[in-house]
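Derivation of every value follows stated rules applied to the coordinates shown; laboratory data play no part. The model shown is predicted, which means the values in this text are computed figures rather than measured ones. Here the Cβ is made from the backbone with ideal geometry for all residues, glycine too, and neighbour counts use every protein chain on show.
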Amino acid sequence: MSDNKEVILSVRGITRDYVTPGGLFGKPETVHALKGIDFDLFRGETLALVGESGCGKSTLARILTLIDAQTSGELLIRGNPVNIAKKKVSAELRRRIQIVFQNPYGSLNPRQKVGAVLEEPLKINNPEMSSEERRQKAMDMLLKVGLKKEHFGRYPHMFSGGQRQRIAIGRALMLNPRMLVLDEPVSALDLSIQAQILNLLKDLQEEFNLSYLFISHDLSVVKYFADRVMVMYFGEIVESGTRDEIFSNPRHEYTRTLLAATPKTSIESIRERVLAGKATA
Amino acid sequence: MSLLEIRNLTVEFDTAMGPFRALKGVDYTVEKGEVLAIVGESGSGKSVAMLATMGLLPKTATVNADVMTFDGRDLKILSSRERRKVIGKDISMIFQEPIASLNPCFTVGFQIGEVLKTHLGLTGKAVRQRTIELLQAVGIPMPEKRLTSFPHQMSGGQCQRVMIAMAIACQPKLLIADEPTTALDVTIQKQILDLLMRIQAERQMGLIMITHDMGVVAETADRVVVQYNGEQMEEAGVLELFEAPKHPYTRALLSALPERAEGDRLPTVSDFASAYSKEDGAAL
């Protein structure tokens, strides 16, 4: 990554502890979900965050999207320190960072029409905007994420998983954010739909110069999609580097385990397996 | 004779909008000791086909087939009482959501024991002994202690291991695995697939692997059936399929694999849809 790139978000030594109350006789226990995370996110890049469930990926996502406060450490957004536990954050800043969740079935309100889903962020953040303009903006976004005009008045249950994920992406983009946190956006989708959503994300990134923090445990998707990769293990970043560095020369044991566990679809590896099977049979 | 043979299977559901055809004449055969993968996206009818085979579809479904035999028995004329003796014993199934398919109110020891009591008539100490052996076979550490655990006290991967233990409790001849690793992490997926393949090879079971993940197919299958929209697109050996896919849909699926991506964009199935209608003169 070149040095002249604009840093839009920096994380310095962020930790997050969760304290579980011990009850009547037990001692309270502290879980160290994040143990000092450092990284920078540049303008227009895709940074992938890889790790198994329970390693703290989503905790980090919650801190970056200003949903949860860090226990210690510094979160800098365009150079300004932010800590939601200490000081209220401006609506302007919150607008800059949006999130897309993994499960498109759970993240849309079933009683809200798609148009209303897309209009809601504007209603809250721009109350003075005329309803006509709001409608127009929502309609434009609907078309941008690859849906049709007639979908505007429909309810989420009338859509497939891939279409719902398009709606969720559209909603996240309504306020012109600089950065999207994508929390496993394609892991609930079929292979062919996954390809469509990844293409859409690439197009939108180019058009709006967005930065993505792409959380995933699927290394084949990461290899295709990311510019840089961070590998997280038990609340720590154990390895980070450009995509090519990580995939061609993994240094940490856990990264190697991950790479070894990823299914191989090359003809050679299938042939090897089939021949080995015949030999033992 | 094949272990499982199904010819021209159709399934129709009665809906308020009239009958809906979920399967439009598909064929499957599985030999002893063979791994058949059924690949397709959601709505392609891959799970419906297996539920129809096991007779687990609701009453609104009409199942028709020219041939439907398992281990020499005609599944079409089996009474439901006889069918229940076969299912869960000679054919067993594991499902996608391991945590949801176990009963949260009972310990895993009880749930595995129930299978042994029902199908094998084991009692008392024999049940406990066999349950421990099964948990050991699927790689759960300290099985004696785990007998009294509830599903919520175990991780997703461990619950899937318990499901596998239940499925192999009666030494089935055919195991149907419906997306067994979709809800799991890659490292756990690898462990579960390795476990399934080891058990399959040891016991020379027939195994049907239902999946939408071409990676899982590449790592496990001997033969592959590709399904789309209730129709069979292609059937081939796994190497043949990956090396020279014949049907445009299979080609589209393979080229949508991120690790095979060439250039900046992934081809999608809508690209395939236009190619399909051109080549076969049929609309999707």
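When the trypsin sites (Lys or Arg not before Pro) in segment A:202-255 are filtered for DSSP coil states and for at most 16 other beta-carbon atoms within 10 Å of their beta-carbon, the remaining sites are A:251.
Peptide A:185-192 is shielded by partner chain Cβ atoms: per residue, an average of 6 of them sit within 10 Å of its Cβ. Whole angstrom only: what separates the Cα centroid of segment A:15-53 from the Cα centroid of segment B:78-146? Here the two parts' Cα centres lie 37 Å apart. One quarter of the convex hull surface built on the alpha carbon atoms of chain A amounts to 20.5 nm², the projected area averaged over directions. Computed over chain B, the quotient of the alpha carbon radius of gyration and 2.2 N^0.38 Å is 1.06.
Charges at C-beta only: +1 for Lys and Arg, -1 for Asp and Glu. How large is the resulting dipole of chain B about its Cα centre, in Debye rounded to 20?
For this selection, approximately 1420 debye.
For chain B, the share of DSSP beta bridges that are antiparallel, to the nearest 5, is 60%.
Hull volume per residue, based on the alpha-carbon atoms of segment A:1-131 and their convex hull, is 189 Å³.
When only the Cβ of Lys, Arg, Asp and Glu is charged (+1, +1, -1, -1), the dipole of chain A relative to its Cα centre reaches about 680 debye. Positive end of the charge dipole of segment A:7-280 (Lys, Arg +1 and Asp, Glu -1 on Cβ, about the Cα centre): tell me which of A:11, A:125, A:195 has its Cα farthest that way. Most positive-ward Cα: A:125. Each 5 Å bin from zero holds the following percent of Cα-Cα pairs in segment B:58-166: 2, 11, 19, 19, 16, 12, 10, 7, 3, 0.
Of B:1, B:197, the sequence from fewest to most neighbouring Cβ atoms within 10 angstrom is B:1, B:197. Ranked by how many other Cβ atoms sit within 10 Å of their own Cβ, fewest first, the residues B:228, B:28 fall in the order B:28, B:228. Among beta bridges identified by DSSP and lying wholly in chain A, the antiparallel ones come to about 60 percent. Sum up the charges of everything whose Cβ sits under 14 Å from the Cβ of residue B:78, counting Lys and Arg as +1 and Asp and Glu as -1, but leave residue B:78 out. Residues near residue B:78 contribute +3 overall. Identify, among A:98, A:221, A:141, the residue whose Cα sits farthest towards the positive end of the charge dipole of segment A:7-280, taking +1 on the Cβ of Lys and Arg and -1 on the Cβ of Asp and Glu, with the dipole about the Cα centre. Toward the positive end, the furthest listed residue is A:141.
With q set to 0.08, 0.12 Å⁻¹, the log10 of I(q)/I(0) for the protein assembly as shown, from the Debye formula over equal scatterers at the Cα positions, is -0.62, -1.32. Averaging over all projection directions, the Cα-based convex hull of segment A:187-281 occupies 8.5 nm² in the image plane. Summing +1 for each Lys or Arg and -1 for each Asp or Glu among the other residues whose beta-carbon sits under 14 angstrom from that of residue A:104 gives 0.
With a 10 Å cut-off around each Cβ of A:257-264, the average count of Cβ atoms from other chains is 6. Relative intensity of segment A:23-69 on a log10 scale, I(q)/I(0) at q = 0.13, 0.14, 0.20, 0.22 Å⁻¹, equals -0.44, -0.49, -0.84, -0.95, per a Debye sum over C-alpha point scatterers of equal strength in the absence of solvent.
Look at the stretch B:212-222: the mean tally of other chain Cβ atoms within 10 Å of its residues' Cβ atoms is 5.
Put a plus charge on the Cβ of each Lys and Arg, a minus charge on the Cβ of each Asp and Glu, and nothing anywhere else: the dipole of segment A:125-243 about its Cα centre is then about 360 debye. Going from the residue with the fewest nearby Cβ atoms within 10 Å to the one with the most, A:157, A:217, B:247 rank A:157, B:247, A:217.
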